[in-house]
């Protein structure tokens, strides 16, 4: 058989990959991952008792995390196809950088003696550990979903997936977080989500291989 005939025979009934199936898996992974993260939060830390009274600051924390989640999700979808550039993560990086600017402006408006407490929340910012931990089940489920796609930039795809998982975990964590300082949230939530992206990059190189 000639080469041209062989190629024609192999490609005769090839169907394009189903985007619907990828979307279905991603939605399933996000819903299941968020449920697992919420369950872990409930079992280990609980929900803040004044949640209703603190609805506005909780909503603002969740909104910041949601911005990072959306930006990371758009980047992750771009990396689901072959190729993809590092610039796809620019919007996500801009959200985190914007958070640092907001934190700096917030601290500048405080008295010098109040800045440290406002920035660190009166102690070690444990959210930089808790957010990545809550993101693990979300990230693993998202990696399962992305294996249905065809990523080739595995580290970048993993970073975007990790950032998406971290953002979703940060939304969940805001239901517990007792610290409402703008500087604290804008800085350390961003760090926690960024660390989740770093972990995702490491996992992606191993778990997203075809």
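The values are calculated or read from the model by the stated rules, or taken from the named source; none is laboratory data. Just so it is clear, the structure is predicted and the values come from calculations on it, not from any experiment. Note that we place each Cβ from the backbone using ideal geometry, even for glycine, and neighbour counts take in every protein chain shown.
Give me a count of the residues in segment 58-99 that are modelled with pLDDT under 95 and either touching a strand residue (DSSP E or B) at 6+ places or on another chain (Cβ under 8 Å) or within 21 Å of residue 175 (Cβ to Cβ) (or both).
The total comes to 1.
Taking segment 31-46 on its own, how many of its residues are in contact (Cβ under 8 Å) with a residue 24 or more places away in the chain and part of a helix (DSSP H, G or I)? Even if it seems obvious, please write down each step before you answer.
In the first step, residues of segment 31-46 are kept if they are in contact (Cβ under 8 Å) with a residue 24 or more places away in the chain; the result is 32-34, 36-38, 40-41, 45-46.
Next cut, part of a helix (DSSP H, G or I) only: 32-34, 36-38, 40-41.
Matching residues across segment 31-46 total 8.
Okay, residues lined up against (1) crowded, with 24+ Cβ neighbours inside 10 Å; (2) more than 16 Å from residue 61 (Cα to Cα):
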site	(1), (2)
117	no, yes
127	yes, no
133	no, yes
144	no, yes
147	no, yes
157	yes, yes
172	yes, no
204	yes, yes
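If residue 100 passes every condition in (1) surrounded by fewer than 18 Cβ atoms within 10 Å (Cβ to Cβ); (2) farther than 24 Å from residue 72 by Cβ but one, which one does it miss?
The single condition residue 100 does not satisfy is (2).
Since residue 176 meets every condition but one in (1) in contact with a helix residue (DSSP H, G or I) (Cβ under 6 Å, 6 or more places away or on another chain); (2) modelled with pLDDT of 95 or more; (3) within 17 Å of residue 58 (Cα to Cα); (4) part of a helix (DSSP H, G or I), which condition does it not meet?
Failed condition: (4).
One residue is enough: does segment 138-145 have a residue meeting the conditions within 21 Å of residue 77 (Cα to Cα), in contact (Cβ under 8 Å) with a residue 40 or more places away in the chain and either more than 13 Å from the chain's Cα centre (by Cα) or assigned to a loop (DSSP other than H, G, I, E, B) (or both)?
For segment 138-145, residues within 21 Å of residue 77 (Cα to Cα), in contact (Cβ under 8 Å) with a residue 40 or more places away in the chain and either more than 13 Å from the chain's Cα centre (by Cα) or assigned to a loop (DSSP other than H, G, I, E, B) (or both): present.
Quick one: is residue 202 under 18 Å from the mean Cα position of the chain (by Cα) and touching a residue at least 60 places away in the same chain (Cβ under 8 Å)? Show your work before the answer.
Numbers: under 18 Å from the mean Cα position of the chain (by Cα): yes; touching a residue at least 60 places away in the same chain (Cβ under 8 Å): no.
Spelling it out, it is not the case that residue 202 is under 18 Å from the mean Cα position of the chain (by Cα) and touching a residue at least 60 places away in the same chain (Cβ under 8 Å).
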